[in-house]
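Here is the structure we will look at.
Only the coordinates and a few stated rules stand behind these numbers; no lab work does. What you are looking at is a predicted structure, and each value in this text was computed from that prediction instead of being measured. Cβ sites come from the backbone with ideal geometry, for glycine too, and all protein chains shown count toward neighbours.
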Amino acid sequence: MSSPAPVSPAGSKPTRRVRRRWLRIVSGVLVAVVAAVSVGVAALQLGLPWQMGEGDRNHVYDGDAGSQRYQVHLPPQHDGTARLPVVMAIHGCAMTGYGWNSMKSTTQFNRLADREGFIVVYPTQLISRNVIACWNSTDPREQHRDSGEPALLAGVARQVVEKYGADPDRVHVAGASSGAGTAVILAVTYPDVFATATSVAGGEYGLDQVDPNNPDSTSPLDTARQAWAQMGERARRVPLLVIQGEQDEVVPPLVATRLVAHWTAVGDLVDDGLPNNSLDLTEETVSVPAEAGRHAYTHSTITAPDGSSIVESYRVQDMGHAWPGPDGDGRYTDHAGPDASEIVWRFAERHPMR
């Protein structure tokens, strides 16, 4: 009979080797899991290579405020010599610029751009800056020139103009939800960069100061004064387009009503520094009745005597928190609403900076 094998005492070399081997295996598995999650998140936020269409280009802007990923769509009219307009489309919460549930698919701007001849820019928010990919438009730190998200997005716009020879006087911004708030902030902080702004289900500059339970405690004029002060020596009347669903429970219609009053007051202050209705504005409203499969809506315009727009707004009945349009593809679309993308482009087309 053979002698029994000796038992290694606690802490012996064979036991330590086994432990090290298991640690390496567990570490390797964790690294693989983290890598897989990272790849998955990147695919959701930035899309997959085969999702890029003809004319799409991915870029990263690097500046003093950090870095910003974005995708550009170049229409067939981009031949290296034509100075084309630019539309920057900024997504809302739980969306991306050009990945999963993207602003690109929601708006279908690429198709319109190919027909009309303009460049589209889709910045995408990273979850490292906001866990549900919102733009931080209600954070006071993100409401100033030369810092934060405004500086990043203005830097993107300038980079696109320089790289692709676009027309600097026809750079426009349109946003949805939190991106709509950011679009208004860009009109305030960079009126020398963006010719027009569009807000779809968004609010005024300084909306974070408005108590939803007592909104009258902060008037639209109060926030308008802050917007005008932020414009500083660059102050000018930036035409604003507002689109709002009357059944929106995320951003209530009152927010859009305030935004129109707020931006009208900003234009008044830009004129002579006083809230004195010096612009002699004209307001008109047209109602469009519902049709089969289409929502009714009203279209209001507030214009200066020279015919320039101060604010245009569309109030869409029976629409919730969505980007309206017949061809949109995404979680936040309403196919029965008016074609917001077409409306945005026609508004932008009428209002170059100079």
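Which residue fluctuates the most in the chain, going by a Gaussian network model with Cα springs under 10 Å, if the choices are Asn58, Asn130, Asn101?
Asn130
Rounded if a/c is under 1.5, else prolate if a/b beats b/c, else oblate: with a ≥ b ≥ c from the C-alpha gyration tensor eigenvalues square-rooted, which is the range 112-200?
prolate
Take every Cα pair under 8 Å in the chain that's 6+ residues apart, average their separations, divide by the length, and report that relative contact order as a whole percent.
Relative contact order, the chain: 14 percent.
Can you tell which of Ala304, Ala265, Ala151 shows the greatest fluctuation in a Gaussian network model of the chain with Cα springs below 10 Å?
Ala304
What ranking of Val120, Val260 emerges when the number of other C-beta atoms within 10 Å of each C-beta is taken as an exposure proxy, fewest first?
Val260, Val120
Only helical DSSP H runs with n ≥ 4 go in: add -39500 (n - 2.57) per run for the chain, normalise by residue count and round the 222 nm mean residue ellipticity to 500 deg cm²/dmol.
The per-residue figure over the chain is -11000 deg cm²/dmol.
Taking the Cα centre as origin and putting +1 on Lys and Arg beta-carbons and -1 on Asp and Glu beta-carbons, what dipole magnitude results for the chain, to the nearest 20 debye?
2820
Could you give the length gained by full extension between Glu54 and Leu126, i.e. 0.36 nm per residue of separation minus their alpha carbon distance, to one decimal place?
My answer for the length gained is 23.5 nm.
Whole-Hz Karplus ³J(HN,Hα) for the range 53-60, in order, using 6.51 cos²θ - 1.76 cosθ + 1.60 and θ = phi - 60°, x for Gly and Pro?
Running phi through 6.51 cos²θ - 1.76 cosθ + 1.60 with θ = phi - 60° gives x, 5, x, 8, 9, 9, 9, 10 Hz.
Fewest Cβ neighbours within 10 Å first, please rank His73, His59, His78 accordingly.
Least crowded to most crowded, the residues run His59, His78, His73.
Simple spin-label model, 7 Å along Cα-to-Cβ: Asn276 to Ala304 in nm?
For Asn276 paired with Ala304, the spin-label model returns 1.7 nm.
In the Gaussian network model of the chain, springs joining C-alpha atoms below 10 Å, which of Val210, Val72, Val251 carries the largest mean-square fluctuation?
Val210
Which option, (1) 26.9, 104; (2) 25.1, 112; (3) 19.2, 60, is the value of Rg and Dmax of the Cα atoms in Å that was calculated from these coordinates?
Identified label for the calculated read-out: (2).
Starting from the Cα of Ala94, move 7 Å in the Cα-to-Cβ direction to define the label point; list residues of the range 109-135 whose amide nitrogen is under 15 Å from there.
The answer is 131-135.
Evaluate E = 1/(1 + (r/R0)^6) for Leu254 and Arg17, where r is the Cβ-Cβ distance and R0 equals 41 Å; express this FRET efficiency to the nearest 0.05.
With R0 = 41 Å, the Cβ-Cβ based efficiency is 0.05.
Given 0.36 nm per residue, what is the gain on full extension from Arg236 to Glu284 after removing their alpha carbon distance, in nm?
Gain in length upon complete extension: 15.0 nm.
Where does helix 220-231 land angle-wise versus the long Cα axis of the chain, in degrees 0 to 90, nearest 10?
Its long axis makes an angle of about 70 degrees.
Output the 0 to 90 degree angle, nearest 10, between the alpha-carbon long axis of helix 178-189 and the longest principal axis computed from the alpha carbons of the chain.
Helix 178-189 and the main axis of the chain meet at about 60 degrees.
List the residues whose amide H sits under 5 Å from the amide H of Gly203, counting only those 5 or more places along or on another chain, with H placed 1.01 Å from N in the peptide plane.
The answer is Gly181.
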